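What follows is one structure encoded as structure tokens, with my remarks underneath.
The values are calculated or read from the model by the stated rules, or taken from the named source; none is laboratory data. What you see is a predicted model, and the numbers here were worked out from it, not measured in a lab. Note that we place each Cβ from the backbone using ideal geometry, even for glycine, and neighbour counts take in every protein chain shown. Just so you know, the surface numbers come from the protein's heavy atoms only, side chains and all, with ligands and any DNA or RNA stripped out. Shrake-Rupley method; radii C 1.70, N 1.55, O 1.52, S 1.80 Å.
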Amino acid sequence: MKKMVCAAALATCGAAMAITDAEIEKLIGEMTLEEKVGQLVQLGSAGKEGGPLSQDATGVALPADVAEMVRKGEVGSLIGACGVTNFNAFQRIAMNEARVKIPLMVGHDMIHGVMTQAPIPLALACAWDEKTWQDCGRLIAVESPAKGCNWTFTPMVDMCRDPRWGRIAEGPGQDPYLGGKMGAAMVKGIQSKAGALPVAACIKHFAAYGGAEAGRDYNTVEMSESTFRNVYLPPFKAGVEAGALTVMPAFNTLNGVPCSVNKWLLTDILRDHLAFKGFTISDWCGVSECELDHHGMAETHAGLVELAMDAGMDQDMMAGLYRKELVQLVKDGKVPMAQVDRSVRNILQVKNALGLWENPYIDEAKLKAQIDLAAHARQARAIAAKCCVLLKNEKDALPLKPGVKVALVGPGAEDCVSISGTWSAYIENKFEMTLPEGLRGAGVTFTYTPGYDWQKGRADAKALKAAAKEADVVVALFGQKGTDSGEGWSVLDITLPKVQLEALNVLKRTKKPLVAVLINGRPLAIPELAEKADAILEAWCPGTSGGGAIADVLTGKVNPEGRLTTEFPVSVGQLPLYYNRLRTGRPSDVSAPYCSCYRDGPHQALYPFGYGLGYATFAYANELVKVEGEGNQRKVVLSCDVTNTGKVAGVETVQAYTRQMVGVESRPIRELRGWQKVALAPGETKCVTIEVPVAQLGYWLKDRFVPAAGPMRAWITRDSVSGKTLEFRL
Ligand code: BGC
């Protein structure tokens with residue numbers, strides 16, 4: 001019998017193919033309409049709040065309503081980490097008591113870890129390192145089963161150009177190439193089958209959710225099809241190609257049509273153009289958000305279900321509308337059975353690719369052996385240190401000199417959880433480490449005086465001055481606590497709150513060297529800090545081992561190598577701000593009369609895309625570009641010599657950018673085409689070569705791919721604004 005072929009995309013998950021294509025078809029043939037619709041429904045694993053419990057055959061107490069739905073085949077998946085015991089109990093009901101034996105999936109948002117938290121994805125992106133991203137995915141894969149999950153709604157690969165949008169914290173930033181690499185690596189890590197039960201990844205939010213107007217969450221998205229295809233779509237393409245088993249359509253409208261019922265998006269683009277073979281799961285009540293009083297796409301719920309099914313939405317998260325309407329719609333001939341079968345097939349194929357018929361249960365012995373929280377904490381610490389970005393370092397403020405006395409000030413230092421970042425609900429790692437613990441472990445002499453809050457009240461000037469007086473250097477925390485970014489956390493203002501500016505001024509007046517450590521889930525507008533602090537270390541929301549990681553970087557045990565993947569504005573008025581913008585026909589020189597500038601401040605970023613310092617310095621020389629090869633093999637080869645001109649070993653992230661000078665549509669100022677990290681000892685020089693396939697340089701014009709041609713510019717350099725301009729032609 002022919003083995004099930006889920007297409008290459010699913011095969012990359014390393015699927016243990018437990019049943020065949022023919023067996024899946026046979027199963028679909030045997031299912032009642034109600035059972036088929038059941039597969040398209042996702043409801044909460046906790047059931048009705050305060051509802052009764054019932055015991056399963058082995059005596060496990062389960063929410064009675066959920067157990068009954070599983071028994072009757074009325075749900076295809078559950079949402080909400082339900083714990084190992086309940087997961088296995090629900091699965092036993094699905095596999096032993098239900099009429100058709102179809103294993104369940106239980107999903108939750110394990111975004112940057114589970115019991116152990118690595119830094120938020122926006123920070124992870126700053127590592128510019130596929131291994132780090134894959135490792136984080138594996139951490140999620142190993143820890144998710146411990147909470148009773150075999151599916152995570154990760155990675156979010158939404159591009160974002162406006163940090164007022166709180167969900168910028170959950171994604172890779174603003175570059176489609178880097179975002180795609182990060183998404184693909186995380187998908188591979190999550191779906192590596194490393195844990196006690198295979199875990200499915202979900203790329204989201206399809207699509208362009210990060211383009212919400214004015215950074216207001218869930219807001220309208222209006223953009224040209226070229227921008228959509230060239231900027232917002234590529235990370236999803238990379239995720240699909242990496243084998244992501246599920247995709248979550250977004251809440252927002254895209255050019256007028258909500259993604260949840262957008263047939264062009266879910267069928268033409270996702271299935272036909274990207275060749276996605278897994279299944280789609282709506283966002284939380286995404287289908288019901290299209291109702292009369294919201295997006296307004298149909299008068300009735302039945303009308304919405306018709307639209308969503310026709311668009312290609314396979315599973316309905318929490319809205320309960322498929323459950324309520326779909327059986328009747330099929331009976332009335334309004335939704336063809338073939339459409340239902342198609343979605344059921346997509347779901348069963350994913351369950352099969354996960355190996356769920358073969359291994360439906362969480363292997364508790366394997367789980368126990370794998371949950372080594374001390375090792376996970378060490379790993380999270382190493383990852384967090386890699387994600388720190390040194391934004392400023394003058395007067396040799398960092399690393400801290402051995403033996404210096406430090407005054408640690410600012411909020412949040414003693415609480416890992418509050419700075420861990422959004423989606424940190426399941427932290428359970430007793431090896432978490434605060435900054436004072438990290439400093440103590442590194443043998444640093446310090447005092448800790450909070451001195452001010454993130455937002456509220458006034459700075460305690462007296463306490464801050466007293467702390468600084470006794471110290472050689474002040475290390476001060478600024479920014480936003482971990483819960484001040486994430487879903488529903490859009491803000492008008494991304495400057496430092498008054499109380500923090502007050503503290504900054506008090507500390508500045510003490511004339512002690514001032515090292516600022518930024519904690520935040522989004523880029524902030526921090527011109528005052530940039531001016532007054534001697535050093536600024538961007539630590540983001542660094543996860544549960546963040547305190548150890550920050551101490552490692554401050555003391556020089558780790559030489560910071562992170563690079564920004566979003567721009568830091570000078571002012572909120574510059575937003576949206578992104579490096580890969582189009583050119584204008586006007587000068588960007590403010591002394592010109594009709595310039596493309598602001599009259600009351602700069603238009604350039606405070607810290608640009610790709611930017612970051614370290615404790616070593618690097619010099620670039622002999623930058624070259626050439627085109628090699630023929631036909632499909634043609635590639636652009638960029639090279640340069642990089643020398644470590646500093647006193648310590650360091651890692652430089654060499655970045656390659658191009659600009660197409662003439663296009664059918666105007667082309668961006670620069671686009672990232674590749675990068676390479678190079679480790680150099682003091683005085684050492686290495687030649688770095690970055691090869692870019694010419695095919696990668698083309699762009700989409702609506703649905704037509706236009707190969708790159710004509711005059712081109714290139715840079716092989718340290719960030720998106722520097723470097724010698726090289727010319728070549730295609
Ligand atoms: C979010 C998704 C998330 C889902 C389930 C929604 O509100 O937009 O990103 O996966 O909830 O928790």
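Consider all pairwise Cα distances in the chain and report the whole-number % of them above 39 Å.
More than 39 Å apart: 37 percent of the Cα pairs in the chain.
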Quick one: with all protein chains in place, what share of the accessible area of the chain is carbon or sulfur, to the nearest percent (1.4 Å probe)? 52
Which trypsin sites (Lys or Arg not before Pro) from the range 181-271 combine a DSSP loop assignment with at most 15 other Cβ atoms within 10 Å? Arg216
Where Arg99, Arg522 fall by accessible area, highest first, once all protein chains stay in place (1.4 Å): Arg99, Arg522
Using only protein heavy atoms and a 1.4 Å probe, report how much of His295 is accessible, in Å² to the nearest 10. 60
Determine the dipole magnitude for the range 394-524: charges of +1 sit on the beta-carbon of Lys and Arg, -1 on that of Asp and Glu, nothing else is charged, the reference point is the Cα centre, and the result goes in debye to the nearest 20. 700
Loop only per DSSP, at most 13 neighbouring Cβ atoms within 10 Å: give me the trypsin sites (Lys or Arg not before Pro) in the range 404-486, ordered by residue number. Lys430, Lys456, Arg458
Determine the per residue accessible area of the chain with all protein chains present and a 1.4 angstrom probe, expressed in square angstrom. 37
Listed highest first by mean packing, meaning other Cβ atoms within 10 Å per residue, what order do 701-710, 605-614 come in? 605-614, 701-710
Qualifying aspartates and glutamates (Cα of each under 12 Å from Cα of Lys277; at least 8 residues distant if same chain): Glu241, Asp314
What's the percent breakdown of Cα-Cα distances in the range 630-730 across 10 Å bins, shortest bin first? 14, 43, 27, 12, 4, 0
Angle in degrees between helix 498-509 and the longest Cα principal axis of the chain, rounded to the nearest 10: 30
With Cα coordinates, the longest principal axis of the chain makes an angle with the long axis of helix 321-331, in degrees rounded to 10, of 40
Please give the helix 176-190 orientation as an angle from the longest Cα principal axis of the chain, in degrees from 0 to 90, rounded to the nearest 10. 60
Could you work out the Kirkwood radius for the range 381-574, taking every pair of different alpha carbons, averaging 1/r and inverting it, reported in Å? 16.5
What base-10 log of the normalised intensity I(q)/I(0) is obtained for the range 12-122 from the Debye formula, alpha carbons as equal point scatterers, at q = 0.09, 0.12, 0.14, 0.21 Å⁻¹? -0.29, -0.50, -0.66, -1.15
Among Leu398, Ala551, Gly486, whose Cα projects farthest towards the positive end of the dipole of the range 381-574, with charges put on the beta-carbon of Lys, Arg (+1) and Asp, Glu (-1)? Leu398
Counting DSSP beta bridges with both partners in the chain, what percentage is antiparallel, nearest 5? 55
Just want to confirm a number: the relative contact order over the range 618-729, from Cα pairs under 8 angstrom separated by 6+ residues, in percent. 30
Subtracting the Cα-Cα distance of Glu222 and Arg271 from 0.36 nm times their residue separation yields 15.4 nm
Take the alpha carbon atoms of the range 222-294, find their radius of gyration, then divide it by 2.2 N^0.38 Å using N residues; give the quotient. 1.10
Any idea what the relative contact order of the chain is, in percent, if you count C-alpha pairs under 8 Å spaced at least 6 apart? 13
